Amino acid sequence: MTIKSKIKNRFRSMKVTLAVAFLVLSLVVLLIAIGLETFFNFQTQQKVIASQQQLIAQDAANKVKTFIQEKLKVLEATAKFGNLVNASKEEQKLILNKLLGIEPIFREAILLDTQKQELVKISRLSSALPIQLTEQIKSDIFLKVSQEKTYISSVYIDKITSEPMIIMAIPITNIFGDFKGILMAEVNLKFMWDLLDVIKIGKNGLAYVVDRQGNLIAYSDISRVLKGENLIQLRQVAEFVNGSEPFIKGDAEISQGIRNNRVVANYMPLGVPDWAVVAELPVLEAYDSIIRMLLLSAGIILISIVLAIVAGIYISKKITKPIIKLRDAAIQIGEGNLDTRITINTDDEIGELAESFNKMTLELKKSKKEIDEYNSTLEQKVEKRTIDLKLSEKRFKDIAFSSADWIWELDENRIFTYCSEKVEDILGYSKEEIIGKPIFDLIPPKEVKKIEFLFSETSKSKKPIKDLEIWILTKTGKQICLLTNCVPFYDNQDKFNGFRGINKDITDQKTVEASIKESELQYRRLFENATDGILILNFDTGQIIDVNPFALEKIGCSKQEIIDKKIWEIIIFKGSIESKILFQEIQEKQYIKYENLCLQVITGEQIDVEFISNVYFVNNQKVIQCNIRDISKRKFAEEALRKSEEKYRTLFETMPNGFYRSTPEGYFVDANPAFVKMLGYDSKEELLKVYIPANIYVKPEEREIFARENTEFVNNLEIFRLKTKDGRIIWLEDNAKYIKDENGKVIFNEGICRDITDRKQAEEKLRESEEKLSTLFGSMTEMVVLHELVFGIQGNPINYRITDCNNSFTQITGIQKTVAIGRLATDVYQTENPPYLDVYALVAITGKPHEYTTYFAPMDKHFRISVVSPKKNHFATITTDITLIKQAQDAISAKKVELENYLYIASHDLRSPMVNIQGFSQRLQKQIDKIKTILEGCVLEEEIRKSLIEITNEGLPKTINFILSNTNKMDSLINGLLQISRTGRIKMVIQKIDMNHLCENILANNNFQISEISAKVIVDDLPDCYGDKSQLNQLFSNIIGNAIKYRDKTKQLVIHISGQIQYNKVIYSIKDTGIGISQKYLEKIWDVFFRIDSNSSESGEGLGLSLAKRITDKHNGKIWVESEEGEGSTFYIELQKNEFTE
């Protein structure tokens, strides 16, 4: 690599560096200036925005306050100009009707006297649903209004419409200013919503009204007001609720708005009423001018960056041009061009540097010439010495190459510096691989320390190493043994330089020596540890040469006592064979064996032995080896075996289990009495004649199949069926084995068996039962899962494990059975805590079943779950996926609520024009009366008079009566619809109901009608139930009222009320002797507006039974009827015995 290329690799342009530095400096100055300007502009803009928000909130508050004050003025005008003090009750009603007609915001108007008694009440609602004024509210109103002050209540949410309401009240005085009463109106604040829509807060801002509790009472989104939403979490609302003064800060704080966006907001209290108007402006709109200023600043920065880059490049070029000339000249000099000259016409430091470069080049050129002359003479001397060295080196290489050993040289660090080619034959490494490698890389780790110590001592003593055996690792990892000879060598200053040596491979020699040693060791170990006595004798003399410990133990002598003794002096064989004669026989035959000899040793003890001797050579000399085996224990065992066989035969004949032995050809060769009895034969002899495949197996091929499938079994437990003599099929449990000869051929089949026919029949019945259960378990559409509790260290349940589940588990949850079974619930359902552990643990521990409905969020499913405990600490869940049912129910409920809202709004909106129709009809009747009076004083033609009289006396009154009759009917229908709507909308208060007390109150309210028609009412002792007291009162009142209304006037009415408990339900019955209901109408009577006979004088609006059905549905109950036309009806009502939730 040239100098120029090296410079380029680490080169960094000064021109670029200077340009970048100038750009960064310019950019920093510009950013600081613009940042400061932006900061101060932002501070100023915040104050401007705060002032604007103050004015906006104040303006919105004034409009809302003016709206409220206008409604108070309407009430004051009504009280002042309507002359309510002196007006009659009818006139007062008319005035209040006009008030409600003029101002839709008023839902109800009430006139109170000085004693707090209601004089007149006019409402847009059903007369059954007025506002309820408690004594406390009346007292608060009178306390303030009696002091000639107006009263505005706090906001409350109507339970029926969920709309925000307030009560306004003003004093009524006479012309002298005396307090005569109170005019009070219930005001619907939903009409204030239109006012807020008109208020403009910038382009995208908004305003809303809250009360002192933070409740939203007016806002453009009506649904949020109807929900009764509380906004105390918003900063501006919280400040108003906590009583903080608005606009106390000089800046416009950014906070969360009602639409969950970032806004600049402030509020303005109204004073009276105790509300506040909150004005919000989106942040982007509020800080629009600052954002535009920031964009302008960004544009200025970009332009400045471009100008700074241009200026930086120009200045850097100006500065770096002479420096570049110096660099190029230095590169040429470095490449050897010493004639290079640098020309820079400047009077500064760079000019002086160029002149110094030129002088240095002349000096370098002179030095180079002198070096070239010296090199030419040096090369001649080196060439002569190199020729001599090469000749010496060739001699050494020839010697090393022809040697069968490995020659090597190490430096002072024990690293190879030379190696002969023979190393590849010995170690497998090439010469090049060895040179440069430390010798200790080739020595096993456990030998390194020893060899290093030896080398170190040798280098100090300067003595050679001779015939050292070293184990070395070859390239393949194999260890070989090398015989090493080496000497240390030193330089002229007697400094140690390393070792030179030669290695010879002696691995094969070491292997042979080790094998011989191992063989001798094994023989001696076998000789010493043999459990037979061994004597080694001189073939010619019979003297004992060697003896093992076991023989010494049996003979009873020490080794010194019997060595060199003749065998017949130590051992005496009793019987027909003498020891000396036995020795002679060994010499002649050179091998003898006696299986049972009685031997007498020196101690006089007699031993039964097996005697074997043979002759062989040791070191070219014959010796005799005598093996003496003690067979005393074997003979004892043979005697014990004989006795055992006698016991076995007794057991064989008397044991209850069957024993048999059969041949491969298919005949029994032995059988005990129990086996003969199992098969139903009279004797063993009779059974031995039977051909097994045809007469014992149910089917002949079964034996072949059995034998084919069990070719090698030993002590296998098998179950199979056989046929008895009389044809019965029995089942046997057989522990059988094959008995084979020395060639491995099966000669017998032997086994012990027992009759398990009764057990097999029981197992078959159990299998059929389990199969039915398994089929049911697997085909159930419900999810069935078996579990066991998992307990913690302290013995409390901490988890549960799934032990089994059916196919529906996978279909419903999507979890495979193989994944679920055996795993913990937290792992299967991927939850931190096991689902419903408390419920399941209670069932598993107590055994008490439980049923509940739940929503399981991880699966987004609804389930109905029944939990039972098959045994302690185990439980099973039967789960039905009711997600679709729940979704349908939710959809129906939503539609039901929507319909109820429509029903209420429609009924509410119908009432206002109806009230006007009633009022103006009454007013029209008065006008007709005035016309009659005027006609009496007028002189008209007789025909015209008669026509007018007919119109005023008959036509108009008839028309008015028709209008009033229909409006009254419409009023009844609207009241019924409102009652139905209210039943569905109002939340029930579930409590325990004393039904005896409830029925007493209902009958007391109907006592006049019951007495008037001489009806007889029988009430049994009624069980209590749970429910909403008001709604159950309405339910039983409707049924009892219908019994009175639709009675049979030809006979006495008898009403019988009773009740009984069935499981967790209570069923009440109300039986009457009325006119009854035709069978074809029994399903339709629950429909809204259905009437059996609409022309009947007793016919109602068709709402009572419909309302009763809705009430029982809300109580998770049922209502049905059994009736016979002309005989009467029995209504059954099913309610809850235990507490429940709506």
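The table below gives the values:
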| read-out | value |
| --- | --- |
| Count of region 783-797 residues which are surrounded by fewer than 17 Cβ atoms within 10 Å (Cβ to Cβ) and either assigned to a strand (DSSP E or B) or in contact with a strand residue (DSSP E or B) (Cβ under 8 Å, 6 or more places away or on another chain) (or both) | 4 |
| Answer from 361, 377, 343 - the residue that is loosely packed, with under 10 Cβ neighbours inside 10 Å, modelled with pLDDT of 65 or more and of a type in the set (Ser, Thr, Tyr) | 343 |
| Single residue of region 271-291 satisfying the filter (surrounded by 16 or more Cβ atoms within 10 Å (Cβ to Cβ) and in a loop (DSSP other than H, G, I, E, B)) that is modelled with the lowest pLDDT | 287 |
| Selection from region 507-546 of residues that are exposed (fewer than 15 other Cβ atoms within 10 Å of the Cβ) and in a loop (DSSP other than H, G, I, E, B) | 531, 540, 541 |
| Checklist (1) more than 17 Å from residue 1084 (Cβ to Cβ); (2) of a type in the set (Ser, Thr, Tyr); (3) not in a strand (DSSP E or B) applied to residue 1106, failing item | (1) |
| Out of 458, 474, 484, sole residue that is of a type in the set (Ser, Thr, Tyr), within 60 Å of the chain's Cα centre (by Cα), in the same structural domain as residue 409 (by TED's automatic domain parsing) and surrounded by 13 or more Cβ atoms within 10 Å (Cβ to Cβ) | 474 |
| Which numbered condition residue 94 misses (of (1) at pLDDT 75 or above; (2) under 24 Å from residue 218 (Cβ atoms)) | (2) |
| From 87, 109, residue being free of Cβ contacts under 8 Å to residues at least 24 places away in the same chain and among the small types (Gly, Ala, Ser) | 87 |
| Residue within region 1102-1112 that is surrounded by 13 or more Cβ atoms within 10 Å (Cβ to Cβ), in contact with a Leu (Cβ under 6 Å, 6 or more places away or on another chain) and at pLDDT 85 or above present | yes |
| Of all residues making up region 812-844, the number that are outside any loop (DSSP other than H, G, I, E, B), within 23 Å of residue 864 (Cβ to Cβ) and either free of Cβ contacts under 8 Å to residues at least 12 places away in the same chain or among the hydrophobic types (A, V, I, L, M, F, W, C) (or both) | 11 |
| The one condition in (1) surrounded by 13 or more Cβ atoms within 10 Å (Cβ to Cβ); (2) in contact (Cβ under 8 Å) with a residue 12 or more places away in the chain; (3) at negative phi that residue 569 fails to fulfil | (2) |
| Strands (runs of 3 or more DSSP E) wholly inside region 1012-1091 containing at least 1 residues that are surrounded by fewer than 17 Cβ atoms within 10 Å (Cβ to Cβ), out of contact with any Pro (no Cβ under 9 Å at 6 or more places or on another chain) and of a type outside the set (Gly, Ala, Ser) | 1016-1019, 1054-1062, 1065-1072 |
| Pair list, Cβ < 8 Å and 6+ apart or interchain, from region 932-959 residues that are polar (S, T, N, Q) to residues that are surrounded by 12 or more Cβ atoms within 10 Å (Cβ to Cβ) and in a helix (DSSP H, G or I) | 952/928; 952/931; 952/932; 952/935; 953/932 |
| Helices (runs of 4 or more DSSP H) contained in region 661-776 and holding at least 3 residues at pLDDT 85 or above and under 25 Å from residue 651 (Cα atoms) | 673-678, 684-688 |
| One residue from 633, 643 being closer than 30 Å to residue 671 by Cα and part of a helix (DSSP H, G or I) | 643 |
| Residue match in region 430-440 (condition: within 60 Å of the chain's Cα centre (by Cα), buried (at least 16 other Cβ atoms within 10 Å of the Cβ) and of a type in the set (A, V, I, L, M, F, W, C)) | yes |
| Neighbours by Cβ (under 7 Å, 6+ apart or cross-chain): first from region 720-749, on the phi > 0 side of the Ramachandran plot and of a type in the set (S, T, N, Q); second in a strand (DSSP E or B) and surrounded by 14 or more Cβ atoms within 10 Å (Cβ to Cβ) | none |
| Unique residue being in the same structural domain as residue 267 (by TED's automatic domain parsing) and surrounded by fewer than 18 Cβ atoms within 10 Å (Cβ to Cβ) when the list is 54, 92 | 54 |
| Enumeration of residues in region 537-568 that are among the hydrophobic types (A, V, I, L, M, F, W, C), under 16 Å from residue 582 (Cβ atoms) and at pLDDT 85 or above | 537, 539, 544 |
| Some residue of region 310-325 being assigned by TED's automatic domain parsing to the domain that holds residue 61, closer than 30 Å to residue 37 by Cβ, at pLDDT 75 or above and of a type in the set (A, V, I, L, M) | no |
| The one condition in (1) assigned to a loop (DSSP other than H, G, I, E, B); (2) without any contact (Cβ under 8 Å) to a residue 60 or more places away in the chain that residue 160 fails to fulfil | (2) |
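The values are calculated or read from the model by the stated rules, or taken from the named source; none is laboratory data. Remember, it's a predicted structure, so these values are computed and weren't measured experimentally. Cβ: placed from backbone, ideal geometry, glycine included. Neighbour counts: every protein chain shown.
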